[in-house]
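The values are calculated or read from the model by the stated rules, or taken from the named source; none is laboratory data. Keep in mind the model is a prediction, meaning the values are calculated, not measured. No Cβ is skipped: glycine too gets one built from the backbone with ideal geometry, and neighbour counts run over all protein chains shown. With ligands, DNA and RNA removed, areas are computed over all heavy atoms of the protein, side chains included. Shrake-Rupley method; radii C 1.70, N 1.55, O 1.52, S 1.80 Å.
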Amino acid sequence: MHVQLWADAKTWDAFVLAQRRTPFQQTWAWGEFQRQVGVDVLRFAAVRGEKIVGVAQVLHEPWRFGQSTLTGFHAPLGDATLPVLAYQEVLQLLLDAVVREARARQVMVLHLEPSIELCNESMFKQYEVQWKFRRAPAFQPLDTQVLDVSRSEDRLLADMHEKTRYNI
């Protein structure tokens with residue numbers, strides 16, 4: 001398994017959309033939107049054989065006085081169906097690549113909001129110790145829900161749990 005910069009939108013999005021939690025901040029289109037507003041986008045993929053098993057799309061943003069930040073919203077994103085040791089290896093490889101890039105670019109702040117399911121969150125703690133990461137409040141929502149608003153209001157309410165309807 002190794003990490004490389006990735007340039008193929010189709011395989012990138014196929015991996016991201018196949019995950020149980022699909023953060024839009026890791027989609028190719030989000031990266032392209034960021035690029036259009038002047039942000040440098042880096043896409044790292046952990047690859048086993050020919051298959052992507054993890055990704056980290058990070059944004060290199062310039063600040064004042066020659067400073068910059070490297071930010072990864074919901075990055076790294078690993079394949080949560082992998083066995084625990086393989087999942088940890090994916091995280092390790094992606095984090096190593098991002099930290100190396102942050103050091104090479106001499107960024108002021110490396111800000112990561114990992115997309116790790118709650119059942120796997122304890123795995124990330126070792127990296128907090130290893131690189132002296134500090135937990136900070138998340139900039140992006142930790143979780144999102146999609147609601148089809150094309151249905152009628154009555155249908156939306158009928159599909160809700162009764163306590164939710166009551167609270168509304």
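Assorted remarks:
- Using a Förster distance of 22 Å, the FRET efficiency for Gln130-Arg103 (Cβ separation, nearest 0.05): 0.95
- Within the range 8-120: Cβ-based charge dipole about Cα centre, in debye rounded to nearest 20 (Lys, Arg +1; Asp, Glu -1): 120 debye
- Cleavage-rule hits (chymotrypsin sites (Phe, Trp or Tyr not before Pro)) in the range 1-92: DSSP loop, at most 13 neighbouring Cβ within 10 angstrom: Trp63
- Accessible area of His2 in the full protein assembly, 1.4 Å probe (Å², nearest 10): 80 Å²
- Solvent-accessible area per residue in the range 1-120 equals 51 Å², computed with a 1.4 angstrom probe and all protein chains kept.
- Heavy-atom accessible area, probed at 1.4 angstrom with all protein chains present, ranks Ser150, Ser68 as Ser150, Ser68, highest first.
- More than 19 angstrom apart: percent of Cα pairs within the range 37-105: 36 percent
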